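For reference, the structure is listed below as structure tokens.
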Amino acid sequence: MARLTKKQKEVSTKIEKNKLYSLEEASALVKEVNITKFDASVDIAVRLGVDPRKANQMVRGVVSLPHGTGKDVKVLALVTPDKEAEAKAAGADFVGLDEYLEKIKSGWTDVDVIVTMPAVMGKLGPLGRVLGPRGLMPNPKSGTVTMEIGKAVSEVKAGKIDFKVDKYGIVHAAIGKVSFDADKIKENAQELIQTLIKMKPTAAKGTYVKSIYLSSTMSPGIAIDTKSVN
């Protein structure tokens, strides 16, 4: 078993074993227990009482975080020439079509989100093996396949994220940075949690939100009392 560093030991004493913290307490504590020298991400993990193997219990959607993610999201807009100006005006980092399709075929994926139009999706199909594993394939459900290119790019830049429950029934998402005020971390977390609660599948039985953990890069997770967020 790996030995804890002096800093890690110090941090571990700040988190009480078996204690469930309120979201407000956890949002403040996650800043205190950060041990990195850089502006670490704040991540949330929500375990849901669903069986993701069943289509009627899949939880997937988008949420606009009120304070953004704190990350400079790189957006590629794969659009026809008539939509290029709209994409650029909205702040897309890369705009074009055929030249970027060729780059992706060669393995280039140096972006965080791809926004495109319905008419272009047919060209993206063959690139699924490259984009799929990296979570970059545009999807109408996440708002990244649309004719409103400018709106889609602006929303992503402002902090709109998509999420999907994994095979273990857990939704993972980055909801900010440790440099954020505790209130902003709390409000971003609340927005995601409330969105998940609203999306509860009718087929899901028993306890829906089973556990919630808040953590920053390289820090231990802080258990949150699920009753404090319902």
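The values are calculated or read from the model by the stated rules, or taken from the named source; none is laboratory data. These numbers were taken from a predicted model, which means no experiment stands behind them. Note that each Cβ is placed from the backbone with ideal geometry, even for glycine, and that neighbours are counted across all protein chains shown. All accessible areas refer to the heavy atoms of the entire protein, side chains included, with ligands and DNA or RNA removed. Shrake-Rupley method; radii C 1.70, N 1.55, O 1.52, S 1.80 Å.
Filter segment 112-148 for residues that are in a loop (DSSP other than H, G, I, E, B) and either more than 20 Å from the chain's Cα centre (by Cα) or not charged (D, E, K, R) (or both) and give the result.
117, 135, 136, 137, 138, 139, 143, 144, 146, 147, 148
In segment 41-54, which residue that is closer than 22 Å to residue 113 by Cβ and of a type in the set (Gly, Ala, Ser) is surrounded by the fewest Cβ atoms within 10 Å (Cβ to Cβ)?
In this case the residue turns out to be 45.
With the requirement that a residue be touching a Leu at 6+ places or on another chain (Cβ under 8 Å) and either open to solvent by 50 Å² or more (accessible area, probe 1.4 Å) or more than 16 Å from residue 22 (Cβ to Cβ) (or both), what does segment 208-227 give you?
208, 210
For segment 22-72, which residues satisfy the criterion of being among the β-branched types (Val, Ile, Thr) and in contact with a Lys or Arg (Cβ under 9 Å, 6 or more places away or on another chain)?
33, 35, 42, 46, 50, 59, 62, 63, 69
Taking residue 151 as meeting all but one of (1) open to solvent by 40 Å² or more (accessible area, probe 1.4 Å); (2) among the basic types (Lys, Arg); (3) over 30 Å from residue 81 (Cβ atoms), write down the number of the exception.
(3)
Against the condition surrounded by fewer than 20 Cβ atoms within 10 Å (Cβ to Cβ), assigned by the TED database to the domain that holds residue 42 and touching a helix residue (DSSP H, G or I) at 6+ places or on another chain (Cβ under 8 Å), how does residue 107 come out, does it pass?
Against the criterion (surrounded by fewer than 20 Cβ atoms within 10 Å (Cβ to Cβ), assigned by the TED database to the domain that holds residue 42 and touching a helix residue (DSSP H, G or I) at 6+ places or on another chain (Cβ under 8 Å)), residue 107 does not qualify.
Which numbered condition in (1) modelled with pLDDT of 90 or more; (2) open to solvent by 50 Å² or more (accessible area, probe 1.4 Å); (3) touching an Asp or Glu at 6+ places or on another chain (Cβ under 8 Å) is the only one that residue 57 fails?
Just one mismatch for residue 57, condition (2).
The rows are residues; the columns are (1) open to solvent by less than 20 Å² (accessible area, probe 1.4 Å); (2) out of contact with any Gly (no Cβ under 9 Å at 6 or more places or on another chain).
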{"site": "141", "(1), (2)": "no, no"}
{"site": "147", "(1), (2)": "no, yes"}
{"site": "165", "(1), (2)": "yes, yes"}
{"site": "170", "(1), (2)": "no, yes"}
{"site": "189", "(1), (2)": "yes, no"}
{"site": "199", "(1), (2)": "no, no"}
{"site": "206", "(1), (2)": "no, no"}
{"site": "229", "(1), (2)": "yes, yes"}
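Within segment 60-94, can you find the residues that are modelled with pLDDT of 95 or more and either open to solvent by less than 10 Å² (accessible area, probe 1.4 Å) or of a type in the set (Val, Ile, Thr) (or both)?
75, 76, 77, 78, 79, 80, 87
Does segment 149-160 contain at least one residue that is part of a loop (DSSP other than H, G, I, E, B) and either touching a Pro at 6+ places or on another chain (Cβ under 9 Å) or touching a residue at least 12 places away in the same chain (Cβ under 8 Å) (or both)?
yes
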